[in-house]
Amino acid sequence: MKEIFAARQIEISDRQEQQFQKYYELLVEWNRKINLTAITEYEEVIWKHFIDSAFLVCSSITTPGKKDDTIRILDLGTGAGFPGMVLAILCPDWQITLVDSLRKRIDFLQFVTEELQLENVRLFHGRAEDYGQDEKFRGQFNFVVSRAVAELPILLEYCIPFVKEKGYFVSYKGKRYEEEIQDSRNAFDKLDCELRRVETYTLSDKEEKRYLLFIQKNHPTDEKYPRKPGKIKKQSL
Ligand code: SAH
């Protein structure tokens, strides 16, 4: 495990290696009872879930805000914990909030958090559309991250309301990202945010390119966003 992370210039400690090992075992074990992932083979999980999720840590974007402030990160639609749980293991100083609308996945992540003795993880079961209108969540995060949850115009409405002014929404995307950006022009405008940077990476020589889109929030979000569930998908911005 250490060698694979090192191949991507990420050094992990013995404790972190043990935590990833345990996380892998729990993922495979729970996956027999509840649907968590289609990938279960050891190396594939490490590359496609762990290393892929970890790419934010390699990025050159530094965190907004004062250095001594706690960095707060929200993973929206975390599923089995990607990328959020991986970031929590790698960065014990960051406070990570994981949200998902499926109760069983949050139950799994609760168990993982306890087994790995992670003290920087908070878990919430529910929808982006509801938490996004809750003052305890709105505008509270330096970074919001999300992988494989929705098309960008929908995802922006889910995620931008949670971001602090000048903070970033980081979207993990595949090769269609340019088209999704074109389709999101109105959403960028309505939600007052801008694409600042795109970082590219590959998991291996054989794999397709992957992208991290860094979208910065300019101003507080208009209170009408996010709209109600259903509305966002039916009439995306
Ligand atoms: N991010 C994970 C999971 C992707 S599957 C990964 O990359 O592996 C998408 C997840 O998003 C599902 O677990 C689903 O329950 C959750 N989800 C979809 N729409 C949501 C919403 N509006 N609010 C909260 N969670 C949502």
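The values are calculated or read from the model by the stated rules, or taken from the named source; none is laboratory data. Bear in mind that the values here come from a model prediction, so they are computed numbers and not experimental data. Cβ: placed from backbone, ideal geometry, glycine included. Neighbour counts: every protein chain shown.
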note = Of the residues in segment 140-161 that are surrounded by fewer than 20 Cβ atoms within 10 Å (Cβ to Cβ) and more than 9 Å from the ligand (Cβ to nearest atom), the one that is farthest from residue 98 (Cα to Cα) is 151
Condition met for residue 174 (closer than 26 Å to residue 35 by Cα, touching a residue at least 12 places away in the same chain (Cβ under 8 Å), surrounded by fewer than 15 Cβ atoms within 10 Å (Cβ to Cβ) and out of contact with any Gly (no Cβ under 8 Å at 6 or more places or on another chain)) = yes
note = For segment 138-193, the count of residues that are among the basic types (Lys, Arg) and under 20 Å from residue 124 (Cα atoms) equals 3
query = Are any of the residues in segment 57-65 within 13 Å of the ligand (Cβ to nearest atom) and buried (at least 17 other Cβ atoms within 10 Å of the Cβ)?
reply = no
request  = Given the conditions (1) in contact (Cβ under 8 Å) with a residue 12 or more places away in the chain; (2) more than 30 Å from residue 25 (Cβ to Cβ); (3) out of contact with any Phe, Trp or Tyr (no Cβ under 8 Å at 6 or more places or on another chain), report the number of the one that residue 138 does not fulfil.
outcome  = (3)
inquiry  = Quick check on this structure: which one of 214, 188, 137, 169 is within 16 Å of the ligand (Cβ to nearest atom), at negative phi, among the hydrophobic types (A, V, I, L, M, F, W, C) and not in a loop (DSSP other than H, G, I, E, B)?
reply    = 169
ask   = Just checking, which of 100, 130 is under 28 Å from residue 34 (Cα atoms), at pLDDT 95 or above, within 9 Å of the ligand (Cβ to nearest atom) and surrounded by 22 or more Cβ atoms within 10 Å (Cβ to Cβ)?
value = 100
request  = Those residues that are within 15 Å of residue 148 (Cα to Cα) and in a strand (DSSP E or B), I need them from segment 75-112; list them, please.
outcome  = 75, 76, 98, 99, 100
